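One structure below.
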Amino acid sequence: MSRRLSILFIALCALPIQGQNAVLDQYIREGFKNNLALRQKTFSYERSTAALKEARGLFLPSVSLEARYTRAGGGRIIELPIGDLMNPVYSTLNGLLQSVGQPALFPTNLPNETVPFLRKEEQETKVRVIQPVFQPAMAYNYRIKRELQNLEEASRDAFARQLVADIQTAYFNYLKTVHVTVLLDNTERLLLENLRITRRLFENGKATEAAIYRADAELQAFLQQKAEAEKNRNLAASYFNFLLNRSLDSPIQIPPEGQPEKGGLPSPETGEVQALQNREEFRQMRSAIALLQSKTRLSQTAFLPGIAAVVEYGYQGEMYRFKPQDDYWMASLVASWNLFGGFQDKYKTDQAHLEQKEAEARLEEVRNRIRLQVLEAYENLLVADKSLEAAQSRGKSARKAYESVDRKYREGMAPQIEYLDARNALTQAEVNAIVSLYDCFIRRAEYDRTTGAFPLEKE
């Protein structure tokens with residue numbers, strides 16, 4: 001694909017989340033290169049660029065070659081009474097000449113002429129050059145196309161920023177399901193070991209047959225939970241590959257260094273300032289306001305005259321030939337001024353002015369909504385951070401409790417129900433710790449998207 005049609009590449013600076021994960025960085029770049037929705041946005045932007053160039057071309061002269069060949073018949077007849085007018089005059093002149101002894105020199109039998117209005121055969125071949133001299137509507141049309149280009153560019157960049165968060169979220173959701181599946185694999189081994197120990201205790205008379213059934217039922221219930229987790233992992237992988245426009249069953253690389261590190265908590269005040277500077281919604285609204293300003297002025301140009309220069313050079317006549325006696329040229333200065341149009345132009349101007357006021361009010365609404373989004377994203381990130389601390393502490397405690405009960409159970413000193421409760425508590429705590437960790441990463445990705453923390457550099 002050529003450079004002009006290449007999809008938007010975005011070089012991302014080192015950030016708290018993806019700075020720790022080169023694998024995710026590579027996937028983000030792959031998403032920018034292959035994502036179909038972003039490709040559509042890029043084509044829309046390129047189309048607006050072409051429209052801008054089209055508007056620029058209106059300032060240049062237009063040159064056309066025009067040729068016409070005509071055959072005609074019938075139509076009006078133009079009568080020229082040449083005989084009726086000139087024969088009496090010539091007769092008088094001849095009489096005067098004869099009176100002085102001179103011979104008659106003038107004919108006295110000239111017929112009247114009839115000339116058809118339409119020529120039987122005619123051709124015209126010419127080159128026409130038209131150069132706008134004073135066309136204020138063209139200047140404002142160009143400004144409107146330029147702001148439309150800016151709108152498309154901001155829309156594309158806003159989607160690219162959202163795509164970053166979507167890829168991060170999908171990747172972290174996939175890692176979450178992978179680690180949960182690994183945890184459940186380990187838990188399955190514990191349950192199989194529990195079933196083996198229970199059977200041994202039963203053989204030694206330290207457990208009842210009901211304990212074996214209870215251990216087997218616990219294992220079967222767990223296998224259902226594991227199947228659900230594997231389904232979630234497969235769906236998460238498919239959605240991630242969908243964002244990158246890859247085959248849905250493509251393998252996904254796990255970071256070799258393990259889990260990415262969690263960055264420190266940002267400041268909400270700093271995030272708000274950053275959002276007001278970087279969010280593409282402001283670029284879109286500012287471009288929309290500038291567009292409507294140009295639209296207002298465009299409607300006002302209806303009260304001004306338009307002037308264009310027209311130059312023609314060509315050949316015309318009854319035969320198709322290009323000789324010096326057949327050529328002609330003509331230069332014109334054409335002015336057009338709409339003096340009255342039933343007040344339509346005035347009301348168009350009023351509508352454009354009101355649209356501009358509406359857009360200015362919407363800009364303030366967007367500013368307040370983004371402030372609210374930043375605050376909400378910060379609070380969600382704060383809650384996720386605190387939840388992670390609590391989940392990690394809970395996991396450590398559940399691990400110690402399980403190890404204590406496990407030793408007693410292996411020696412036949414703890415009842416089975418106590419062992420199963422400890423195992424369930426450990427599994428839930430460790431799953432919760434994994435979910436809380438990656439939810440924290442997802443909340444950070446959403447916060448970075450809301451504040452516009454990703455500098456987008458168009459390549």
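Report the convex hull volume per residue for segment 76-117, counting only C-alpha atoms, in Å³.
That works out to 44 Å³ per residue.
State, as an integer percentage, the relative contact order of segment 76-117 based on alpha-carbon contacts under 8 Å between residues 6 or more apart.
61
Given contacts defined as C-alpha pairs under 8 Å and at least six residues apart, what's the relative contact order of the chain, whole-number percent?
Result for the chain is 24 percent.
Mind sorting out which of [x] 5, 22, 33, 27, 11, 2, 0, 0; [y] 4, 12, 15, 14, 12, 10, 8, 7, 5, 4, 4, 3, 2, 1, 1, 0, 0, 0; [z] 5, 21, 30, 28, 14, 2, 0 is the real P(r) over Cα pairs in 10 Å bins from 0, in percent computed from the coordinates?
[y]
Please give the charge dipole size of segment 135-288, origin at the Cα centre, charges +1 on K and R Cβ atoms and -1 on D and E Cβ atoms. Round to the nearest 20 debye.
Dipole of segment 135-288, to the nearest 20 debye: 200 debye.
Taking K and R as +1 and D and E as -1, what net charge do the other residues with C-beta under 13 Å from the C-beta of GLY74 add up to?
My count for the surroundings of GLY74 gives +4.
What aspartates and glutamates sit close enough to LYS226 to cross-link, taking a C-alpha to C-alpha distance under 16 Å and skipping anything fewer than 8 places away on the same chain?
Once the sequence-local aspartates and glutamates are set aside, what remains near LYS226 is ASP185, GLU188, ASP216, GLU218, GLU430.
Quick one: angle between helix 268-278 and the longest Cα principal axis of the chain, in degrees between 0 and 90, rounded to 10, please.
30
If packing is taken as the average count of other Cβ atoms within 10 Å, what order do 82-89, 388-395 fall into, highest mean first?
The packing order, highest mean first, is 388-395, 82-89.
Given N residues in segment 346-452, what is its alpha carbon radius of gyration divided by 2.2 N^0.38 Å?
It is 2.03.
Could you work out how far helix 344-410 tilts from the main Cα principal axis of the chain, as a 0 to 90 degree angle to the nearest 10?
It works out to around 20 degrees.
Quick check on my link table: of LYS41/LYS145; LYS33/LYS231; LYS53/LYS295, which ones sit more than 26 Å apart, alpha carbon to alpha carbon?
LYS33/LYS231
Compute the angle between helix 209-243 and the longest alpha-carbon principal axis of the chain, please, reported from 0 to 90 degrees and rounded to the nearest 10.
20
Per-residue counts of other Cβ atoms within 10 Å, averaged by peptide: what ranking do you get for 215-224, 70-79, highest first?
Answer by packing, highest mean first, reads 215-224, 70-79.
If packing is taken as the average number of other Cβ atoms within 10 Å across a peptide's residues, how do 266-273, 31-38 rank, most packed first?
31-38, 266-273
Tally Lys/Arg at +1 and Asp/Glu at -1 over every other residue whose Cβ is under 12 Å from the Cβ of ILE130; what's the total?
-1
The numbers here are math on the coordinates, done by the rules we state, and not lab data. Here the structure is a predicted model, which is why all the values come from computation and not from measurement. Ideal geometry is used to build each Cβ from the backbone, glycine not excepted, and the neighbour counts take in all protein chains shown.
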